[in-house]
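Here's the structure, in structure tokens; my notes come after.
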Ligand SMILES: [Zn+2]
């Protein structure tokens, strides 16, 4: 395959179809929580069928389907997953454009999900289309997975990897085309202090769960401050903070229950089991000082999952760096993402994985989200180039 041939395939990616598709997707709301992903999933499945891909949809949660589309290889080469998500966060306040209109202005497409992750989704579809239409021979298989629920509990990715075999996975999130090889994860225990209710005119007959929680909070504050001591080379230290507190039920009653949520951000190298043990240790130490203090963990709020990391010398990392360099002319930064994402679930099945996509995470999860049209095109070109280089016929996995 000549370099000129590669240029031809890349240059065949035009902005107009990408922009139209992104507008369509923005007009199909998929806020999580709030909506479901059915409309956007049906649209993506149909787009994949029109490309001649082998498409299946299956519910990861009731009425919330993942889309899986395969571009079969003739050979028996490696399998690459291109994954991104169908859901968005709910629209925040403060938008100055309609979040569900897909307005095009100043060379940008504006709307909820434009940069996270409907833009990446469109760039991936554009890349697949370029490959299909150019009849590019691939020495391996591409599986495009568009999953539900990334923004809350990653139930889509957890379902899609069940039984899946993949050598490589590219997770589409806004990285400004930097190559993400590590990311944080989180764990959100709901910590409950149980007291004893009594009339508030006779507080000594009760045990005040809110007063008791103060001791837990002080100990947790000390614990999270201590997390600064360890650092991941790309991501920095883990962190934690209390994000929710509830307690009391009546102004004239001693509260018998006080509950908090700790949002504990983990870095690669930390396991959820070890972090749970740390937190339980903190709670146990406080409880040991006070016979009236009863505390436990009543479950965990959903998160996208634990942190993960791909070794810097993995083949996919090198190919991703080369693909970005070829398209933009500049070698991209290799970095660690501060956010949680679905990469962890592909690492869990043994795939080399990177986070890579056009757009900027700083413009996501806020009002007036957008992605540049030039970013969309570059993103599609990078994905195309990456697939061609990684699955070049004859290249060893
Ligand atoms: Zn995202």
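The values are calculated or read from the model by the stated rules, or taken from the named source; none is laboratory data. Everything quoted here is computed from the prediction, not taken from an experiment. In this analysis, Cβ positions are derived from the backbone assuming ideal geometry, glycine residues included, and neighbour counts consider all displayed protein chains.
Which residues, taken from the range 242-278, are over 19 Å from residue 200 (Cβ atoms), in contact with a strand residue (DSSP E or B) (Cβ under 6 Å, 6 or more places away or on another chain) and surrounded by fewer than 19 Cβ atoms within 10 Å (Cβ to Cβ)? Talk me through it step by step, then tell me what you get.
In the first step, residues of the range 242-278 are kept if they are over 19 Å from residue 200 (Cβ atoms); the result is 242-245, 259-278.
Restricting the remaining residues to those that are in contact with a strand residue (DSSP E or B) (Cβ under 6 Å, 6 or more places away or on another chain) gives 242-245, 259-268, 272, 275.
Hits for the range 242-278 are 242, 243, 244, 245, 259, 261, 263, 272.
List pairs: first residue in the range 358-374 and more than 13 Å from the ligand (Cβ to nearest atom), second residue modelled with pLDDT of 95 or more and assigned to a helix (DSSP H, G or I) anywhere in the structure, Cβ distance under 7 angstrom, at least six positions apart or on different chains.
From residues that are more than 13 Å from the ligand (Cβ to nearest atom), the pairs are 373/15; 373/19.
Could we say that residue 145 is over 19 Å from residue 339 (Cα atoms), within 16 Å of the ligand (Cβ to nearest atom) and touching a residue at least 12 places away in the same chain (Cβ under 8 Å) here?
On the way: over 19 Å from residue 339 (Cα atoms): yes; within 16 Å of the ligand (Cβ to nearest atom): yes; touching a residue at least 12 places away in the same chain (Cβ under 8 Å): yes.
Yes: the conditions hold for residue 145.
With the requirement that a residue be at pLDDT below 95 and either part of a helix (DSSP H, G or I) or within 14 Å of residue 104 (Cβ to Cβ) (or both), what does the range 1-21 give you?
If the condition is that a residue be at pLDDT below 95 and either part of a helix (DSSP H, G or I) or within 14 Å of residue 104 (Cβ to Cβ) (or both), then 3, 4, 5, 6, 7, 8, 9, 10, 11 are the ones that fit.
Among the numbered criteria (1) at pLDDT below 95; (2) away from the ligand (no atom under 16 Å from the Cβ); (3) closer than 25 Å to residue 27 by Cβ, which one does residue 128 miss?
Of (1) at pLDDT below 95; (2) away from the ligand (no atom under 16 Å from the Cβ); (3) closer than 25 Å to residue 27 by Cβ, only one is false for residue 128: (1).
Just wondering, is there one or more residues in the range 335-349 that are more than 16 Å from the ligand (Cβ to nearest atom) and in contact with a helix residue (DSSP H, G or I) (Cβ under 8 Å, 6 or more places away or on another chain)?
no
Among the listed residues 170, 147, 109, identify the single one that is on the phi < 0 side of the Ramachandran plot, out of contact with any helix residue (DSSP H, G or I) (no Cβ under 6 Å at 6 or more places or on another chain), at pLDDT 95 or above and crowded, with 24+ Cβ neighbours inside 10 Å.
Values: 147 fails: out of contact with any helix residue (DSSP H, G or I) (no Cβ under 6 Å at 6 or more places or on another chain); 109 fails: out of contact with any helix residue (DSSP H, G or I) (no Cβ under 6 Å at 6 or more places or on another chain).
Going through 170, 147, 109 in turn, the sole match is 170.
Is there a residue being farther than 18 Å from residue 341 by Cα, part of a helix (DSSP H, G or I) and within 16 Å of the ligand (Cβ to nearest atom) anywhere in the range 105-122?
Checking the range 105-122: at least one residue is farther than 18 Å from residue 341 by Cα, part of a helix (DSSP H, G or I) and within 16 Å of the ligand (Cβ to nearest atom).
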